[in-house]
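Q: Let me begin by handing over the structure; questions about it come next.
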Amino acid sequence: SEGLVSRFKTIDSRLNSQMRTIDFELEAAVSEINSLSQGLAQLNQSISVATGAGAGDQPNALLDARDEALRELSKFVTVSVFPEGSSGQLNIFVGNGQPLVLGTTASQMKAVTSPTDSSQKEIALQVSGVSNIISNDLSGGKIGGLLEFRNKELTNSINSLGRVALVLADTVNKQHSLGMDLESNLGGQFFVDINDTEIAKSRITANSLNLPPTDHQLQVNIIDSSQLTTSDYELRFEGPRDDDFNIVRSSDGKTVLKSMLPGIFPANVEVDGFQVQFDAG
């Protein structure tokens, strides 16, 4: 059993190491994108000046340089390009129309800590001093590939490993508790209780944007390990009343429960084999 536990920990460590490697690669890619977008803004400026000063001739060297910069940029993320009037400048957008380069102004991308999971990085775009996370809007290129691999294959692998470990511990504990020793004592739990209070509370990660004192204190208890999925879930208080909440399954975006707090703690709701226990807040 010690060897089994050690093996689980080793595999988990390797998977999470891969997660950290992806974060490093995202930071490096963001740095490259910022360098290219600054260069494109400067080329827009130079092309505009050359076009205005010329006698009908095109600044071919500058245009070629901009085309090459766009080609390099497209290696990192899918972009949309639109010309701006007769100035010769190009406006460049990413995601769902977020402006990366507008004429001679380049926005800054950042790799920021995820508000829902402090162990992961998300991609934010800062426009006019306002920063918004756009990870879910990005596709294509290196960044799109890294995000898709992390959010699907890697996250699913980590969650699948966790489910195997949890179901194994739960099943062995239930069977072990049915047995007796030579002194007629019930076997009890072999592994640590899967609903140990510390473990149950660790299954919840608070969004960093939550505002105390109205953020809630809660934990997740496993009710039926055979019904567990490999998905993460989001608990959202989106109104219209303060006590209204939704539980959304991240893998398919489906709302699996709509309910409201009864006003008396502790309060419990159950979905997909687990129970969300509201303790305070």
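Q: Filter region 92-142 down to the residues that are touching a helix residue (DSSP H, G or I) at 6+ places or on another chain (Cβ under 6 Å) and hydrophobic (A, V, I, L, M, F, W, C), then identify the one that is nearest to GLU27 (Cα to Cα).
A: ALA111
Q: Condition first: part of a strand (DSSP E or B), modelled with pLDDT under 95 and open to solvent by less than 30 Å² (accessible area, probe 1.4 Å). Can you find one or more residues in region 31-52 that meet it?
A: No, every residue in region 31-52 fails to be part of a strand (DSSP E or B), modelled with pLDDT under 95 and open to solvent by less than 30 Å² (accessible area, probe 1.4 Å).
Q: Return the only residue of SER208, SER226, SER184, SER177 being at positive phi, surrounded by fewer than 16 Cβ atoms within 10 Å (Cβ to Cβ) and either modelled with pLDDT under 95 or out of contact with any helix residue (DSSP H, G or I) (no Cβ under 8 Å at 6 or more places or on another chain) (or both).
A: Exactly one of SER208, SER226, SER184, SER177 is at positive phi, surrounded by fewer than 16 Cβ atoms within 10 Å (Cβ to Cβ) and either modelled with pLDDT under 95 or out of contact with any helix residue (DSSP H, G or I) (no Cβ under 8 Å at 6 or more places or on another chain) (or both), namely SER184.
Q: Please name all residue pairs, on different chains or six or more residues apart, with Cβ atoms under 9 Å, provided the first residue is in region 23-40 and is without any contact (Cβ under 8 Å) to a residue 12 or more places away in the chain and the second residue is open to solvent by 20 Å² or more (accessible area, probe 1.4 Å) and of a type in the set (D, E, K, R).
A: PHE24/LYS121
Q: Just to verify a result, which residue in region 113-147, among those that are out of contact with any strand residue (DSSP E or B) (no Cβ under 8 Å at 6 or more places or on another chain) and of a type in the set (A, V, I, L, M, F, W, C), is surrounded by the fewest Cβ atoms within 10 Å (Cβ to Cβ)?
A: VAL130
Q: Continuing with this model, one more query. Can you tell me which of (1) more than 24 Å from the chain's Cα centre (by Cα); (2) under 28 Å from GLN18 (Cβ atoms); (3) open to solvent by 50 Å² or more (accessible area, probe 1.4 Å) is the one VAL167 doesn't meet?
A: The single condition VAL167 does not satisfy is (3).
The values are calculated or read from the model by the stated rules, or taken from the named source; none is laboratory data. Owing to the predicted nature of the structure, the values given are computational and were not obtained by experimental measurement. Here Cβ is always computed from backbone atoms with ideal geometry, including for glycine, and neighbour counts include all displayed protein chains. When the accessible area is computed, the model is the full protein with side chains, heavy atoms only, and any ligands, DNA or RNA have been set aside. Shrake-Rupley method; radii C 1.70, N 1.55, O 1.52, S 1.80 Å.
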